[in-house]
Amino acid sequence: MDLSIIVLAAGQGKRMRSDLPKVLHPLGGRALLAHALDTAHRVEPAVIHVVIGHGAEQVRAAFATADVHWVIQEHRLGTGHAVAQVLPDVPDSRIVLVMYGDVPLISPDTLEKLLAIAAAGDLAVLTAALDDPTGYGRILQDDSGNIRAIIEEKDATAGQRCIREINSGFLAAPAGRLRHWVQALDNDNAQGEFYLTDVVAFAVRDGVPVRGVHAADPREILGVNDRVQLAALERCYQQRQAQECLRAGVTLIDPARFDLRGRLTAGQDVMIDVNAVLEGTIRLGNRVTLGPNVVMRDTTVGDDVTILANCVIEEAVIGDGARIGPFARIRPETVLASGSHVGNFVEIKKSQVGEGSKINHLSYIGDSSVGSHVNIGAGTITCNYDGASKHRTVIGDDVFIGSDTQLVAPVQVGDGATIGAGSTITRDVPAGELTLSRAAQQTRPGWKRPVKKRG
């Protein structure tokens, strides 16, 4: 099908009470417009025209790599006026599909139904039945169920406002016919705007059938005008995400308390506890367990990994059989090898931790290479920043580092070395030896602790 899609994205969204253009507000971690464009690409158009107005430069900058044709609507005079800005660039031989940048849940299957009608030469209009149709244009039908007109709510009578079948705004038509109808639009209405919906009356006048496609799921056509609607759509979107994960075999302890703000690939027998937030691209192997309140972004996790409660993991690679948390933070460019353990209140940044190594308590490991089967005691810190530059710490295999040790980088610890608790290490540590730095312990006989004076 030779198809041109027009995505209307010029609105300011005053009710959002934000400096951010409405179509850039996030849903599921991505801009509303991103969802609309993803769906548009899935029906394989020849070109996607995006009409922008308010915050046009912000929108273009946010989608700098998008494969779309940008069209500026200098004066926002309604949906009909917006479509008119694009039609000079659309050949008469094409089908035109009109979409909306603030309606993120529309499905490709629904769009395909509209396109099939338009391909037959008719005008296709997407409708839905809403329990509360407030704010939407109402569908006026004849006794046979054919669409005769669409009346905007501000122009509707009291009786017409009781109609539950509403216009979604989505339509498809042959380009030549749509051009003729759009050129005939006027703004003689309560808003003083050129309504795209008025093309229905012109189609009826010209004897062109106007056929409705009823959205089986009304959530598909819901748009965003304020933050209340945005929050409601977020939950709709997350419910969809949760259902897809469940169908793919992922166990969600409570699907209502799960947020996927990106894409998840999961193996078999994965279990995710409540309030997990997964962002970006997440890959989970087989038999992975995520505890409650885990936040993870752009991370790959191997098989048989356990991540306990309240961990934050960003841009990391976690090997098979690793165990993390609770309350651990794994920062970008960290690689944990198979069988490694990272415990409570441990932070690791831009480091590689070898197979079977353990960092179990209250430590910071940054800009480091940690070998295999290393044990790092509680309170250990790699002092990697001198105030101007970052330096690396290199720890060999089979090293034991006692609690409360400071490793002042750049420094290397040889294989099999032992560092005594409470040491500050400023020079390289030889392999296989015990190294420690401590002040001599003193006891002062007869010393008395100060006592507050009373009275």
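The values are calculated or read from the model by the stated rules, or taken from the named source; none is laboratory data. Treat the numbers as computed from the prediction; the structure is a model and nothing was measured. Glycine gets a Cβ as well: all are built from the backbone with ideal geometry, and neighbour counts include every protein chain shown. The area values use the complete protein model at the heavy-atom level, side chains included, leaving out ligands, DNA and RNA. Shrake-Rupley method; radii C 1.70, N 1.55, O 1.52, S 1.80 Å.
Determine the relative contact order of the stretch 71-181: mean sequence separation of Cα pairs under 8 Å and six or more apart, normalised by residue count, in whole percent.
37 percent.
Can you bin the stretch 33-137 into rounded, prolate or oblate? Criterion: square roots of the alpha carbon gyration tensor eigenvalues sorted a ≥ b ≥ c, rounded for a/c under 1.5, prolate for a/b above b/c, oblate for the rest.
Rounded, since a/c falls under 1.5.
Using only alpha carbon pairs under 8 Å that are at least six residues apart, calculate the relative contact order of the stretch 1-71 and give it in whole percent.
42
Length gain on complete extension for the stretch residue 64 to residue 389, per 0.36 nm per residue less the alpha carbon to alpha carbon distance?
113.7 nm
What is the calculated FRET efficiency for residue 146 to residue 180, with r their C-beta to C-beta distance and R₀ = 22 Å, to the nearest 0.05?
In this case the efficiency is close to 0.60.
Divide, for the chain, the radius of gyration over alpha carbons by 2.2 N^0.38 Å, where N is the residue count.
After normalising by residue count via 2.2 N^0.38 Å, the value is 1.37.
Below 16 Å, Cα to Cα, which lysines can residue 358 reach? Residues fewer than 8 away in the same chain don't count.
By straight Cα distance, residue 358 reaches 349.
Between rounded, prolate and oblate, where does the stretch 308-449 land on the alpha carbon gyration tensor, with a ≥ b ≥ c its root eigenvalues, rounded for a/c under 1.5, else prolate if a/b exceeds b/c?
Prolate, because a/c is 1.5 or more and a/b exceeds b/c.
When only C-alpha pairs under 8 Å and at least 6 residues apart count, what is the relative contact order of the chain, in percent?
It rounds to 8 percent for the chain.
Determine the alpha carbon to alpha carbon distance for each of 22/350; 14/113; 14/154 and list only those over 29 Å.
Checking Cα-Cα distances, 22/350; 14/113 exceed 29 Å.
Where only protein heavy atoms count, and the probe is 1.4 Å, what is the accessible area per residue for the stretch 386-428 in Å²?
On a per-residue basis, 48 Å².
Kindly identify the stretch 245-296 as rounded, prolate or oblate by the Cα gyration tensor criterion: order the square roots of the eigenvalues as a ≥ b ≥ c, call it rounded if a/c is under 1.5, otherwise compare a/b with b/c, prolate if a/b is larger, else oblate.
It is rounded, given that a/c, with a ≥ b ≥ c, falls under 1.5.
Which value in deg cm²/dmol, rounded to the nearest 500, describes the helix-derived mean residue ellipticity at 222 nm for the chain, given -39,500 (n - 2.57) per DSSP H run of n ≥ 4 and division by the residue count?
Taking each H run of at least 4 residues, the total per residue is -5000 deg cm²/dmol.
Going toward the positive end of the dipole of the stretch 3-89, with +1 on Lys and Arg Cβ and -1 on Asp and Glu Cβ, which of 53, 21, 85 do you reach last?
My answer, from the dipole projection, is 21.
Across every pair of different alpha-carbon atoms, what Kirkwood hydrodynamic radius in Å does the stretch 116-223 reach?
Result for the stretch 116-223, one decimal place: 14.1 Å.
Tell me, what % of the accessible area of the chain is carbon and sulfur with a 1.4 angstrom probe?
48
Give me the extension gain from residue 160 to residue 454: residue separation times 0.36 nm, minus the current Cα-Cα distance, reported in nm with one decimal.
97.4 nm
Apply the Karplus curve 6.51 cos²θ - 1.76 cosθ + 1.60, θ = phi - 60°, to the phi angles in the stretch 274-289 and return the couplings in whole Hz, x for Gly and Pro.
Coupling constants for the stretch 274-289: 5, 6, 6, 10, 10, 10, x, 9, 10, 10, 10, x, 6, 6, 8, 10 Hz.
Let me know the volume per residue of the alpha-carbon convex hull for the stretch 139-195, in Å³.
It comes to 106 Å³ per residue, whole-number rounded.
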